[in-house]
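The values are calculated or read from the model by the stated rules, or taken from the named source; none is laboratory data. Being a predicted model, the structure only gives us computed values, none of them experimental. FYI the Cβ positions are ideal-geometry reconstructions off the backbone, even for glycines, and counts take in every protein chain you see. These area figures cover heavy atoms from the full protein model, side chains too; ligands, DNA and RNA do not enter into them. Shrake-Rupley method; radii C 1.70, N 1.55, O 1.52, S 1.80 Å.
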Amino acid sequence: MIVLLLGLAAMFTNCAKVSIKSVEDLDATISNTFKKSPMVGCAISIVKADQVLFQKAYGQADMARNTPYTNQTTQPIASISKIFIGVALMRAIEQGLFTLETPINDILPFVVKNPAFLNQVIRIKHLATHTSGINDVEATYFANHSILTGENVGGVEAQRMINELKFKQNSMITPLKDFMKEYFTAGNALYSSKNFNPTEAGTAYRYSNIGAALAAYLIEVKTGQSFAEYCNAQIFNPLGMSSTSWFLTNVIRPKMATLYWEKNKPLPFYTAATYPDGSLITSNEDLTKFLVEMIKGFSGASNFLKKSSFDLLFQKQFAGATPINFPSKETNSGVFWVYFSNGRLGHTGGDLGVTTIAAFYPDTKTGFVFLSNSETENLEDNVAIRTAQNTIFEKIKEFEKNN
């Protein structure tokens with residue numbers, strides 16, 4: 001959500017090869033690595049086609065209560081949320097609401113114009129590939145996050161969120177539609193020319209959480225439903241993802257993992273105005289259901305979407321050269337799905353107290369889910385936690401090869 005974990009994508013290939021053939025081998029190795037690591041809790045699934053080969057959780061969901069992390073434990077998944085925007089776009093295309101080529105200004109109730117290119121056309125595909133020219137102004141972005149009502153804000157970490165990142169409190173966030181209008185239209189409080197990059201749409205890559213949320217908002221405009229309601233009806237309910245929600249509901253909260261900056265340094269729960277870009281809450285069990293369905297869809301074996309929709313979802317959007325500033329750890333982009341240089345297709349996620357991955361190999365149809373309620377990317381000294389994760393990912397890779 002805040003920063004895409006590109007570093008994690010490179011970790012899959014760096015460790016010494018150790019043959020991990022059985023579930024028992026893998027479990028023992030992960031358990032040993034986890035116990036020596038700074039992680040608080042995590043859950044892992046490994047799948048092949050439509051089968052779950054391995055699914056287990058480690059550590060704690062809440063240290064103070066000594067609550068174990070389980071496969072049913074829920075937590076935010078950060079930027080993995082964006083692949084759900086991609087699936088929602090495919091469903092909307094099936095319903096005839098628009099296409100990837102549709103100019104966003106043909107849909108929006110206000111006009112979005114890059115002040116450096118007033119006559120250019122920004123299309124939905126540009127939002128879906130982070131080539132729209134939209135920029136995330138970090139101060140504005142973070143200031144439109146909020147700590148939820150009832151959370152303890154007395155801790156050091158909570159105070160840093162409030163004082164340094166300017167998080168609001170008591171769930172006070174601007175509704176998605178209002179944030180979009182404020183951010184993109186001149187004369188409003190959140191508008192600035194810095195909200196755009198001096199690059200024409202389609203020519204340069206710039207990862208944009210706000211651009212992703214704008215893609216989700218297009219669905220709201222066309223359907224009259226909130227994006228959250230649309231996902232419930234079109235994705236979560238059909239796939240039986242009963243522990244998945246964009247917001248911390250009364251059903252989800254009892255299963256929720258506490259998020260940690262470091263061990264014994266809990267963070268308060270929070271949300272964001274641009275919630276579709278990274279606020280999805282789910283469990284290892286539910287996210288695994290979703291990944292299995294996506295692998296089936298890639299293979300032409302799913303009826304969840306039309307085959308043409310799955311083909312479009314995963315279609316490599318850059319037929320020739322990739323855009324300027326395209327990440328070196330990526331080779332191409334689907335519709336919010338990332339083709340990594342290690343051969344996997346999926347997405348990573350990193351936010352305050354959150355580290356996540358969901359990805360698969362298109363050729364072998366094997367993949368994995370990794371969820372952790374521990375901070376990784378923003379720690380000043382993150383070598384130990386990255387090393388542990390690196391080891392775990394390499395063992396997962398060995399298990400996949402041998403199964």
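If you bin every alpha carbon distance in region 67-122 into 10 Å steps from zero, what whole percent lands in each bin?
Pair shares across the bins are 18, 29, 29, 13, 10, 1.
Can you tally the net charge around Gly349? Count Lys and Arg as +1, Asp and Glu as -1, for every other residue whose Cβ sits under 11 Å from the Cβ of Gly349.
Working: positive: Lys82; negative: Asp277, Asp351, Glu377.
With Lys, Arg at +1 and Asp, Glu at -1, the net is -2.
Report the Stokes-Einstein translational diffusion coefficient (µm² s⁻¹, integer) for region 266-403, Rh taken as the Kirkwood radius over Cα pairs, at 37 °C with viscosity 0.692 mPa s. Can you show the working numbers first?
Values: Rh = 16.7 Å.
Calculated translational D: 196 µm²/s.
Local charge sum around Leu148 (other residues, Cβ-Cβ under 13 Å, Lys/Arg +1, Asp/Glu -1)? Walk me through the numbers before you get to the answer.
Working: positive: Lys168, Arg253; negative: Glu151.
Spelling it out: positives minus negatives among the neighbours equals +1.
Compute the normalised compactness of the chain: alpha-carbon radius of gyration over 2.2 N^0.38 Å, N being the residue count. Could you put the intermediate results ahead of the total?
Numbers: Rg = 20.1 Å, N = 403, 2.2 N^0.38 = 21.5 Å.
Expressed relative to 2.2 N^0.38 Å, the Cα Rg reads 0.94.
Compute the FRET efficiency between Glu101 and Asn66 as 1/(1 + (r/R0)^6), taking r as their Cβ-Cβ distance and R0 = 56 Å, and round to the nearest 0.05. Each step should come with its number before you reach the end.
Details: r = 53 Å, r/R0 = 0.96.
Efficiency computed from Cβ-Cβ geometry: 0.55.
Convex hull volume of the Cα atoms in region 144-203, per residue, in Å³?
Working: hull volume 7.3 nm³, N = 60.
Convex hull volume per residue, Cα atoms: 122 Å³.
Quote to one decimal, in nm, the extra length available between Glu24 and Phe110 on full extension: 0.36 nm per residue of separation minus the C-alpha distance between them.
Values: separation 86, 0.36 × 86 = 30.96 nm, distance 5.67 nm.
Value of the extension gain: 25.3 nm.
Report, by chain and number, residues whose modeled amide H sits under 5 Å from the one on Gln60, excluding near sequence neighbours (fewer than 5 apart, same chain).
Sorted by chain and number, the residues that satisfy this are Gly41, Cys42, Tyr69.
Calculate, axis by axis, the spread of Cα positions in region 136-254 along the three principal axes, and write the results as whole Å, longest axis first.
So the extents along the principal axes, rounded to whole Å, are 46, 41, 25.
Top to bottom by accessible area (1.4 Å), largest first, where do Asp62, Asp50 land?
On the way: Asp62 15, Asp50 100 Å².
The ranking, largest first, comes out as Asp50, Asp62.
In region 15-116, if every C-alpha pair distance is counted and binned at 5 Å from zero, what percent goes to each bin?
Calculated over all Cα pairs of region 15-116, the distribution is 2, 9, 11, 14, 14, 11, 8, 7, 9, 10, 5, 1 percent.
Considering Cα pairs under 8 angstrom that are at least six residues apart, work out the relative contact order of the chain and quote it in whole percent. Walk me through the intermediate numbers first.
Details: 834 pairs, mean separation 119.6, N = 403.
30 percent.
How large is the Rg to Rh ratio of region 345-403 when both quantities use alpha carbon positions and Rh follows Kirkwood? Spell out each step's value before the answer.
Numbers: Rg = 12.6 Å, Rh = 12.4 Å.
Answer for region 345-403: 1.01.
Using only the Cα atoms of region 269-338, construct the convex hull and provide its projected area averaged over every direction, in square nanometres to one decimal. Each step should come with its number before you reach the end.
Numbers: hull surface 27.8 nm².
Reported value for the Cα convex hull: 6.9 nm².
Take the solvent-accessible surface of the protein heavy atoms, probe 1.4 Å, and return the percent of it on the chain that carbon and sulfur atoms account for.
Using a 1.4 Å probe with all protein chains present, the chain comes out at 50 percent carbon and sulfur.
Write down the accessible area per residue of the chain in Å², having rolled a 1.4 Å probe over the full set of protein chains.
Numbers: 15410 Å² over 403 residues.
Using a 1.4 Å probe on heavy atoms only, each residue of the chain averages 38 Å².
Where does the charge balance sit around Thr364 when Lys and Arg score +1, Asp and Glu -1, over other residues with C-beta under 10 Å from its C-beta? Please list the in-between numbers first.
Details: positive: Lys48, Lys365, Lys401; negative: Asp363, Glu400.
Once positives and negatives cancel, what remains is +1.
Using just the Cα positions, wrap region 17-57 in a convex hull and report its mean projected area in square nanometres, one decimal place.
Details: hull surface 13.8 nm².
Across all orientations, region 17-57 yields a mean hull projection of 3.5 nm².
To the nearest 0.05, what FRET efficiency results for Asn119 and Thr149 with a Förster distance of 56 Å applied to their C-beta separation? Working shown, then result.
Numbers: r = 45 Å, r/R0 = 0.80.
The calculated FRET efficiency here is 0.80.
Kirkwood hydrodynamic radius, region 190-269, all distinct C-alpha pairs: what's the number in Å? Intermediate values should be presented prior to the final figure.
Values: mean 1/r = 0.0615 Å⁻¹.
In region 190-269 this quantity evaluates to 16.2 Å.
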